[in-house]
Amino acid sequence: MTQDAHRLNLLLGAPVLALDGEIGAIRDFYFDDDTWTVRYLVVDTAQWLRGRRVLLPLWALHAPDWQHARVPVRVTRGQVRHSPDISTHRPVSRQMEAASLSFYGFPYYWGGPALWGRAPAPEITSDTSLPAPTPTPVADERDTHLRSWREVTGYHVRARDGDIGHIDDFVVARDTWQIAKLLIDTSNWIGGRAVLISRDAVEQVSWEERVVEVSLTRDAVARSPEPIRA
């Protein structure tokens, strides 16, 4: 990959380092299915909090080390210990998100016109935090746009003239964490060669049937360059 884009699974299992010590390892990522942008890390706290998994907003990130798979964050172990208990085994509602973001003092990403609310990227300077935006109406408890990376990897991908494989990973923009490309495993079709497809080529997703439809032909996919594995 280029320096401006990275595969998400490079950080899977990476240690998450709070301001005062390690809190666990990355277990999953949650992205919203509206803008296809990663919003949260799911951190497995292992023996520290008896295996509790916590949802950590990306606002907390501080320059992840993609090369060495280390993720420093701008929160303390105490904050994580007392953070709202959000189950990762059921859909996360807007109310749950609002509770988590408010607890840490981070703004709502849906509270403004930019990709991250009032900001183009989840960046917070070292000496100040972005103020929470004027509260906006929170959606219904049943309304959720968050999807699990672990769940969506494995979805079948269908071209206009037939199946081409399944999602193996996402490639995200380094600064915004927006999903730019889908890494497709074509092992049941063209000999296991992996191909990259632009997220813009996605026409429709059936979350219930676990199928992604793209605006490409099988021939166009077969002629796609093989991605650099990094």
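Starting from residues that are aliphatic (A, V, I, L, M) and not in a strand (DSSP E or B), keep the ones in region 174-220 and report whichever is farthest from Gly162 (Cα to Cα).
Ala201
Show the residue pairs meeting these rules: Cβ distance below 8 Å; 6+ apart or different chains; first residue within region 26-51 and within 19 Å of Asp200 (Cα to Cα); second residue in a loop (DSSP other than H, G, I, E, B) and open to solvent by 30 Å² or more (accessible area, probe 1.4 Å).
Asp32/His145; Asp33/His145; Asp33/Trp207; Asp34/His145; Thr35/Leu115; Thr37/Leu115; Thr37/Thr176
Quick one: Leu56 ticks every box in (1) touching a residue at least 24 places away in the same chain (Cβ under 8 Å); (2) open to solvent by 40 Å² or more (accessible area, probe 1.4 Å) bar one, so which box is it?
For Leu56, the failing item is (2).
How many residues does region 105-118 contain that are in contact (Cβ under 8 Å) with a residue 40 or more places away in the chain and open to solvent by less than 20 Å² (accessible area, probe 1.4 Å)?
4
Working carefully through the options Arg27, Arg50, find the one that is open to solvent by 10 Å² or more (accessible area, probe 1.4 Å), under 19 Å from Met96 (Cβ atoms) and among the basic types (Lys, Arg).
Arg27
Which of the residues that make up region 65-90 are surrounded by 15 or more Cβ atoms within 10 Å (Cβ to Cβ), within 24 Å of Gly111 (Cβ to Cβ) and out of contact with any Lys or Arg (no Cβ under 7 Å at 6 or more places or on another chain)?
If the condition is that a residue be surrounded by 15 or more Cβ atoms within 10 Å (Cβ to Cβ), within 24 Å of Gly111 (Cβ to Cβ) and out of contact with any Lys or Arg (no Cβ under 7 Å at 6 or more places or on another chain), then Val73, Arg74, Val75, Gln79, Val80, Ser83, Pro84, Ile86 are the ones that fit.
Before we move on, is Thr176 of a type in the set (Ser, Thr, Tyr) and open to solvent by less than 10 Å² (accessible area, probe 1.4 Å)?
no
State yes or no: is Ile190 modelled with pLDDT under 90 and not basic (Lys, Arg)?
Yes: the conditions hold for Ile190.
Could you tell me how many of the residues in region 15-24 are out of contact with any Ser or Thr (no Cβ under 7 Å at 6 or more places or on another chain) and surrounded by fewer than 20 Cβ atoms within 10 Å (Cβ to Cβ)?
Adding up the residues that qualify gives 4.
Could you name every one of the strands (runs of 3 or more DSSP E) located completely within region 1-95 that has at least 3 residues being in contact with a strand residue (DSSP E or B) (Cβ under 9 Å, 6 or more places away or on another chain) and closer than 24 Å to Leu115 by Cα?
Those strands (runs of 3 or more DSSP E) span 5-7, 21-32, 37-44, 53-57.
The values are calculated or read from the model by the stated rules, or taken from the named source; none is laboratory data. Remember, it's a predicted structure, so these values are computed and weren't measured experimentally. Neighbour counts run over all protein chains shown; Cβ positions are idealised from the backbone, glycine included. Quick note on the areas: whole protein, heavy atoms, side chains included, nothing else; ligands and nucleic acids left out. Shrake-Rupley method; radii C 1.70, N 1.55, O 1.52, S 1.80 Å.
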